[in-house]
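Written below as structure tokens is the structure these notes are about.
The values are calculated or read from the model by the stated rules, or taken from the named source; none is laboratory data. Remember, predicted model here, so these are calculated numbers, not experimental data. FYI the Cβ positions are ideal-geometry reconstructions off the backbone, even for glycines, and counts take in every protein chain you see. For the accessible areas, the whole protein counts, side chains as well, though only heavy atoms, and no ligand, DNA or RNA atoms are used. Shrake-Rupley method; radii C 1.70, N 1.55, O 1.52, S 1.80 Å.
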Amino acid sequence: MTDASNDIVDFHWMLEILQTIDIGLIVIDNEYNITTWNAFMENHSGRAASSVKNQPLFEVFPELPEAWFRQKADTVRLLSIRTFTTWEQRPYLVRFRNYHPITSTAEFMYQNSMLYPIVDTKNQVTHIAVVIFDVTDIATSKLALQEANGELERLTRTDGLSQLFNRSYLEESIHRELQRSRRHNHPASLIMLDVDFFKHVNDTYGHVAGDDVIRFIGRQLRLNLRETDTAGRYGGEEFAVVLPETSANDAKVFAERLRLIMEDSTMKHEDTEFKITISLGIAELTDTMSTEQDWISSADHALYESKHNGRNQTTIFKTK
Ligand SMILES: Nc1nc2c(ncn2[C@@H]2O[C@H](COP(=O)(O)OP(=O)(O)OP(=O)(O)O)[C@@H](O)[C@H]2O)c(=O)[nH]1
């Protein structure tokens, strides 16, 4: 065979490959009109190559962000280089329905895409090849893994009963807030609170009723906190709340609101109704507290005073 006929055979092979590979190929000219569109594109868009030929790319795909795409294409043209976009940067270049109904729950096809310069004999970029890879399976399994890891992380810092943070996460938060507040010289307060006569609740109504009380306090704390506050279960029936940017007097407003909510609520267990109250202690961070343990002990000290003075009240820690 002559060189010319070899070239033609090669060319036909190439065309055959382009039609059958499971990769999308669009070729556009410098005016963004479509010149080539392979079988993958036909199958997923439902449009024949003949119907999109010479059509502007942005009309065929109105979802394609034009300014962003033009900027990418300009780089390819000016520098004669390839550019690559991953599904993590942009989930898809053109929106196709996901056709893996069994292996994947995604609504659309996740895509990696590449823009590739096509040059003429004078090394001028005359066209750009847009290559689209279907990465739905990879993307959905990675997203599922991320979601599972996120849930695992949430579980390791959550107290199952109250659905608040657990003690170890709470201690980390108290430590972080101590450092942050010191660095910025801003106020911060810590509230410790404890259910009054909780042993009596357990002994009279049973542990299940006691657990319901812990759940109820968890819910009330979650409902009443600001987003920047952190609440957790410190031990059995003891809870702590970290309030950044809050003086002791401001923390007392929150503490009293919570105390009154508890006082006004009626607990129900099976057919029995009962009331509970809580005692609270507040410590605003001062220079004399050098570790988070000092801060916790100060709030605990104030809580002890509330208990000692008759319970169902809030006390602010005072340095002697
Ligand atoms: N139901 C239930 N009870 C718990 C849990 N954790 C601790 N407790 C109980 O909480 C009670 C705490 O009792 P005490 O420390 O004597 O305190 P108190 O009865 O609340 O009395 P004051 O704090 O002095 O008002 C004990 O009976 C513990 O068994 C829990 O997760 N669920």
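Please count, across the chain, the pairs of lysine residues with Cα atoms under 25 Å apart that sit 8 or more places apart or on different chains.
The result is 13.
What number comes out for accessible area per residue over the chain if the probe is 1.4 Å? Units Å², please. Please list the in-between numbers first.
Values: 18010 Å² over 320 residues.
With all protein chains present, the chain gives 56 Å² per residue.
How far is helix 136-156 tilted, in degrees, relative to the longest principal axis of the Cα atoms in the chain, given as a value from 0 to 90 rounded to the nearest 10?
The angle comes out near 10 degrees.
Mind pulling the angle between the C-alpha long axis of helix 3-20 and the longest principal axis of the chain? Nearest 10 degrees, somewhere in 0 to 90.
30
Quick check: the angle from helix 66-79's long axis to the longest principal axis of the chain, C-alpha only, nearest 10 degrees?
60
What is the dipole size for the range 181-235, taken about its Cα centre, with +1 at each Lys and Arg Cβ and -1 at each Asp and Glu Cβ, in debye to the nearest 20?
Values: 8 positive and 7 negative charges, 74 e Å.
So the magnitude is around 360 debye.
Relative to the Cα centre, what is the charge dipole magnitude of the range 227-320, using +1 at the beta carbon of each Lys and Arg, -1 at the beta carbon of each Asp and Glu, and rounding to the nearest 20 debye? Let's see the in-between values first.
Values: 10 positive and 18 negative charges, 73 e Å.
So the dipole magnitude of the range 227-320 works out to roughly 360 debye.
Charges on Cβ only, +1 for Lys and Arg, -1 for Asp and Glu, centred on the Cα centroid of the chain; of Leu190, Tyr205, Thr230, which one is farthest towards the dipole's positive end?
Result: Leu190, furthest along the dipole toward the positive end.
Considering the options Asn166, Thr75, Ala299, tell which one lies farthest towards the positive end of the dipole of the chain, charges being +1 on Lys and Arg and -1 on Asp and Glu at the Cβ, about the Cα centre.
Checked the options; the winner is Ala299.
Mind ranking 74-82, 282-290 by how tightly packed they are, going by the mean number of other C-beta atoms within 10 angstrom, highest first? Working shown, then result.
Values: 74-82: 13.6, 282-290: 18.3.
Highest mean packing first, the order is 282-290, 74-82.
Dipole magnitude of the chain about its Cα centre, charges +1 at Lys/Arg Cβ and -1 at Asp/Glu Cβ only, in debye to the nearest 20? Before the final figure, lay out each step's value.
Details: 33 positive and 47 negative charges, 140 e Å.
For this selection, approximately 680 debye.
What translational D, rounded to a whole number of µm²/s, comes out for the chain from Stokes-Einstein when the hydrodynamic radius is the Kirkwood one over Cα pairs, at 25 °C and 0.890 mPa s? Numbers along the way, then the final one.
On the way: Rh = 25.3 Å.
Diffusion coefficient, whole number: 97 µm²/s.
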